[in-house]
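A short write-up of the structure that comes next.
The values are calculated or read from the model by the stated rules, or taken from the named source; none is laboratory data. All values derive from a computational prediction rather than experimental measurement. Ideal geometry is used to build each Cβ from the backbone, glycine not excepted, and the neighbour counts take in all protein chains shown.
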Ligand SMILES: C[S@@+](CC[C@H](N)C(=O)[O-])C[C@H]1O[C@@H](n2cnc3c(N)ncnc32)[C@H](O)[C@@H]1O
Ligand code: SF4
């Protein structure tokens, strides 16, 4: 017999906040046997399905957000939220209405399903930005916490976490400047493909010509963008992927030489290269990076359990991580980051203890803790689906354990972001030893500095300080399109840079 899919219908009346409501409803119906769809009206046909109805009502005096839940056609709960009662910083009327509507749905569904929702009504990727906006309004800390907890319904621990992060970031963000910028360069190639991955990353097989052609186009883009950014101040450089160290050392060196030729290097505060997969690291490539002034690299274990590493399709074991780390320290890298993922198949708190123990021994300057996200297009979602999603409680516990570990080992949280389809609707947190924070990650996350993205799928974010807004310009994610239409991308970026 095939799998039974239950329908969760959303019916909206009087407003258009579809996207936000979809994301919020999804928090309460995470299983992949629930299909969430928008419906024109609430006349349900599925006896086991749910309907969430969201209405914005204006009675001539004030706006009210009304949420109702139906099961099998029968009303099982209702919640009303007055928009008058939403007072958050300088939100305009539209933002207040959106917040009130989300609160009406949240309050109703929390009461009925009794689910723990640590991030309350927040569905966005960058919750720290909200705190920066409140600090910019000169609010006291206690007032910011009150808003996060009572208005956005965020758990106290998460509210404190994002307040601490925002405070630590401010020295890297301010003063704002329209002339300061960072660059990101994407290398979309990997030795093998990890089962959870949905990034545009091509496996380097026998056909190395594909890489050669890519590097040629990339160097062309670097040269042109360098000319366009002339006279502005380069702050940080990040070469990511994929796995930059998976390509031939000469090609990687060509790219770095291209950066030196095209961009002003005098004021660069940080130069990161992801050497993500330990199986791509050797003394030659590390020395070459050091000689070119790279001062931060990533060596990503993901887990320090060999059986999981096999299961997720990584071509290395825990010892290759340990030896790559010690080699990188010998070569003289000051800041090494390690990425780990919580909630990988077959892992619970015991496996995490094992990973943390090994990381404690190495003592990297940065540790980035990801919560597994089951992305569309990943092999893992197709093969394991719900079996993994059932681990939300476990994963919350693992997050708390990594927070304790960080505290005990002298790490401070310095950036945070959330993703769609993340287990338990949780978060990713970057930790750092004091003053070793990755400035690029902060710029990318808080969106108060221009980032010029170059290479396949790279996203440029052009910042306009006077309007406090960014314009996103993504490069093509398809290799053929990228190679063929590079001039289009360059022109688009050129036309958006503020004079
Ligand atoms: C853009 S990836 C690139 C890093 C590098 N290619 C590697 O895998 O070592 C950055 C990090 O995101 C995390 N990541 C990738 N896919 C993920 C997923 N589906 N769920 C959670 N974290 C993920 C991994 O920790 C990875 O190191
Ligand atoms: S190494 Fe990183 S980018 Fe490459 S397949 Fe694995 S997760 Fe994706």
Margin query: Scan the stretch 281-292 and tell me whether some residue there is within 23 Å of residue 179 (Cα to Cα) and touching a residue at least 12 places away in the same chain (Cβ under 8 Å).
Written below: no
Next item on the list: Identify all residues within the stretch 328-348 that are modelled with pLDDT of 95 or more and more than 14 Å from residue 302 (Cα to Cα); write none if there are none.
Entry: 328, 329, 330, 331, 332, 333, 335, 336
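Let's see how each residue does on (1) surrounded by 18 or more Cβ atoms within 10 Å (Cβ to Cβ); (2) in contact with a helix residue (DSSP H, G or I) (Cβ under 9 Å, 6 or more places away or on another chain); (3) touching a residue at least 60 places away in the same chain (Cβ under 8 Å):
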site: 125; (1), (2), (3): no, yes, yes
site: 132; (1), (2), (3): yes, yes, yes
site: 144; (1), (2), (3): yes, yes, no
site: 179; (1), (2), (3): no, no, no
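Residue-by-condition table, conditions (1) modelled with pLDDT under 95; (2) buried (at least 22 other Cβ atoms within 10 Å of the Cβ):
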residue: 159; (1), (2): no, yes
residue: 196; (1), (2): yes, yes
residue: 205; (1), (2): yes, no
residue: 210; (1), (2): yes, no
Notebook entry, point to check: Out of 205, 231, which single residue is part of a loop (DSSP other than H, G, I, E, B), more than 11 Å from ligand 1 (Cβ to nearest atom) and under 16 Å from residue 315 (Cα atoms)?
Noted result: 205
Note to self: Of all residues being farther than 16 Å from residue 63 by Cβ and surrounded by 15 or more Cβ atoms within 10 Å (Cβ to Cβ) in the stretch 7-19, which is modelled with the lowest pLDDT? Just the residue, please.
What the structure shows: 7
Notebook entry, point to check: In the stretch 168-202, what residues are away from ligand 2 (no atom under 16 Å from the Cβ), in contact with a strand residue (DSSP E or B) (Cβ under 7 Å, 6 or more places away or on another chain) and not in a loop (DSSP other than H, G, I, E, B)?
Noted result: 168, 169, 180, 181, 182, 183
Next item on the list: Could you list all residues from the stretch 29-45 that are more than 23 Å from residue 117 (Cα to Cα), surrounded by fewer than 17 Cβ atoms within 10 Å (Cβ to Cβ) and at pLDDT below 70?
Entry: 45
Check: When residues of the stretch 234-280 are filtered for being touching a residue at least 12 places away in the same chain (Cβ under 8 Å) and part of a loop (DSSP other than H, G, I, E, B), how many remain?
Finding: 13
Item checked: the stretch 289-319, residues that are away from ligand 1 (no atom under 15 Å from the Cβ) and surrounded by fewer than 19 Cβ atoms within 10 Å (Cβ to Cβ) -> 290, 291, 292, 293, 295, 306, 307, 310, 319
Margin query: Take residue 220 and tell me if it is within 24 Å of residue 296 (Cβ to Cβ) and either within 16 Å of ligand 2 (Cβ to nearest atom) or surrounded by fewer than 20 Cβ atoms within 10 Å (Cβ to Cβ) (or both).
Written below: no
Next item on the list: Tally the residues that are more than 16 Å from ligand 1 (Cβ to nearest atom) and within 28 Å of the chain's Cα centre (by Cα), restricting the search to the stretch 234-264.
Entry: 8
Next item on the list: Could you please find all residues in the stretch 275-299 being within 16 Å of ligand 2 (Cβ to nearest atom) and over 15 Å from residue 319 (Cβ atoms)?
Entry: 275, 276, 280, 285, 297, 298
